[in-house]
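Below you'll find the structure, written out as structure tokens, and then a few comments.
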Amino acid sequence: MKTPRPRGLFITLEGIDGAGKSTQFEALVEILRAAGRTVVATREPGGTALGERLRELLLSEPMSTSTEALLMFAARQEHVLTVIEPALLQGHDVVCDRFTDATLAYQGAGKGIPRDRLQTLAHWVHPGLLPDCTLLLDLPSSVAAQRLRAQQRTPDRFEQQPEAFFERVRRSYLELAAEEPARWCVIDALQSPQEIGERIRNFLKKYV
Ligand SMILES: Nc1ncnc2c1ncn2[C@@H]1O[C@H](COP(=O)(O)OP(=O)(O)O)[C@@H](O)[C@H]1O
Ligand SMILES: [Mg+2]
């Protein structure tokens, strides 16, 4: 009888808009691939055909905060069932740009939905599934805003939020990290992309 392959690692990347997640994403995936692992690289909201359509709506269409949270979890349900869980069970690592922690920080702390309500949805949508590790790129909201302004493209519905919103989101991420220090790796995102990449490489040594 064949021994079942060990479950893959579920790694998530978090941080406010402009913190540098997309910049580090490929490097993170490359570190794992270079260690001989197979990686499914994905993002939230999105990661499935339906999820990407929901993403477009979430980033552009005005909607109530609870509609926003419910659509996030609807997209997540499809993602977990059809991409994340199957990949992990087959032994592939999954690297995901944002996951439920982003909903707790943005729709919870940022927009005021009670955390227990979001936790109920999380328990419904992905019972027992938690990232093995979560990398938090931590950046003051003023610096993130400057970085986004420098990009000179039209900001999406989330990026248009005021700096105070992002400061609440940032605080919330730091609180979540403090609650579960074994899962989170908090990275000072004021450092250069190279320094951040090195920090990620060092942190991942204990997993790969
Ligand atoms: N460590 C860094 N130092 C300075 N600028 C950065 C750094 N990381 C990313 N940037 C720039 O900041 C902007 C936002 O980065 P991005 O990776 O898109 O953030 P996110 O995906 O978290 O929203 C981009 O223009 C990017 O080039
Ligand atoms: Mg990004």
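Quick look at the values:
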quantity: Residue within segment 73-93 that is under 12 Å from the mean Cα position of the chain (by Cα) and either at pLDDT 95 or above or open to solvent by less than 10 Å² (accessible area, probe 1.4 Å) (or both) present; calculated: yes
quantity: Complete set of residues in segment 33-59 that are more than 14 Å from residue 82 (Cα to Cα) and in a helix (DSSP H, G or I); calculated: 33, 34, 53, 54, 55, 56, 57, 58, 59
quantity: Selection status of residue 44, within 16 Å of ligand 1 (Cβ to nearest atom), under 18 Å from the mean Cα position of the chain (by Cα), under 19 Å from residue 204 (Cβ atoms) and without any contact (Cβ under 8 Å) to a residue 60 or more places away in the chain; calculated: no
quantity: Residue count for segment 163-208, restricted to those that are of a type outside the set (A, V, I, L, M) and part of a loop (DSSP other than H, G, I, E, B); calculated: 8
quantity: Qualifying residues in segment 168-196 (those that are of a type in the set (Asp, Glu) and farther than 13 Å from residue 135 by Cα) - the one surrounded by the fewest Cβ atoms within 10 Å (Cβ to Cβ); calculated: 179
quantity: Filtered residue count, segment 158-196, keeping only those that are small (Gly, Ala, Ser) and within 16 Å of ligand 2 (Cβ to nearest atom); calculated: 1
quantity: Any pair with Cβ under 8 angstrom, 6 or more apart, that starts in segment 72-90 at a residue that is without any contact (Cβ under 8 Å) to a residue 40 or more places away in the chain and assigned to a helix (DSSP H, G or I) and ends at one that is polar (S, T, N, Q) and open to solvent by less than 40 Å² (accessible area, probe 1.4 Å); calculated: 72/103; 72/107; 75/48; 78/48; 79/42; 79/48; 82/48
quantity: Residue match in segment 199-208 (condition: open to solvent by 80 Å² or more (accessible area, probe 1.4 Å) and either hydrophobic (A, V, I, L, M, F, W, C) or in contact (Cβ under 8 Å) with a residue 40 or more places away in the chain (or both)); calculated: yes
quantity: Every pair of residues 6+ apart whose Cβ atoms lie under 6 Å, when the first sits in segment 2-23 and is in contact (Cβ under 8 Å) with a residue 40 or more places away in the chain while the second is acidic (Asp, Glu) and part of a loop (DSSP other than H, G, I, E, B); calculated: 9/132; 10/132; 17/159
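Yes/no matrix, rows are residues, columns are (1) β-branched (Val, Ile, Thr); (2) closer than 19 Å to residue 129 by Cα; (3) within 16 Å of ligand 1 (Cβ to nearest atom); (4) modelled with pLDDT of 95 or more:
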position	(1), (2), (3), (4)
3	yes, no, no, no
20	no, no, yes, yes
23	yes, no, yes, yes
29	yes, no, yes, yes
35	no, no, no, yes
39	yes, yes, no, yes
51	no, yes, no, yes
59	no, no, yes, yes
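The values are calculated or read from the model by the stated rules, or taken from the named source; none is laboratory data. Please read these numbers as outputs of a predicted model, since none were measured by experiment. With ideal geometry, Cβ positions are generated from the backbone for all residues, glycine too; neighbour counts draw on all protein chains shown. Calculation scope for accessible area: heavy atoms of the full protein, side chains included, ligands and nucleic acids excluded. Shrake-Rupley method; radii C 1.70, N 1.55, O 1.52, S 1.80 Å.
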